[in-house]
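Following: one structure in structure tokens, then a few remarks.
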Amino acid sequence: MVGTHWIRRFHVDLTVREFRDNATGFLRSKDPILVTRHGRLAGVFFPWPEGTMPIELKREMFSMLSDQVRRAVKKQGLSENEILEDFAAWRKTRRETRRRR
């Protein structure tokens, strides 16, 4: 459980809907933002003061995301070929939809 002394340091406390609807403005914020869903913590946005992330952070995030995707694919019992075929079908449909506009 998050202590209230920690939460007080945040200047903005938003619902997921509020964050989504006004994301462009909030992403320019310099203050940390708590995002809640049904009164429970859903996420935290910490603005990055510099224009780019350090390479070490990028590598760590890539590693964590890759592990999550790998577990999800394994849990669903998908093969690499199934994923590639699904992506190709999605891409074809997307291109056809764009041509109709």
Of Met64, Asn22, Met53, which is farthest on the positive side of the dipole of the chain, counting Cα position, with +1 on Lys and Arg Cβ, -1 on Asp and Glu Cβ, and the Cα centre as origin?
Asn22
For region 55-100, what is the convex hull (Cα atoms) projected area averaged across all directions, in square nanometres?
4.6
Acute angle (nearest 10 degrees) that the helix 80-100 long axis makes with the longest principal axis of the chain, alpha-carbon atoms:
90
Just from its helices, what would the mean residue ellipticity at 222 nm be for the chain, if runs of 4 or more DSSP H residues each count -39500 (n - 2.57) and the sum is divided by every residue, rounded to the nearest 500 deg cm²/dmol?
-17500 deg cm²/dmol
Round to the nearest 0.05 the FRET efficiency obtained for Glu85 and Arg59 when R0 = 41 Å and r is the Cβ-Cβ distance.
0.85
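How fast does region 25-101 diffuse by Stokes-Einstein, in µm²/s, taking the Kirkwood radius from C-alpha pairs at 20 °C and 1.002 mPa s?
Reported coefficient: 129 µm²/s.
Computed from the coordinates by the stated procedures, all read-outs in this text should not be read as laboratory data. Owing to the predicted nature of the structure, the values given are computational and were not obtained by experimental measurement. Backbone-built Cβ (ideal geometry, glycine too); neighbour counts: all protein chains shown.
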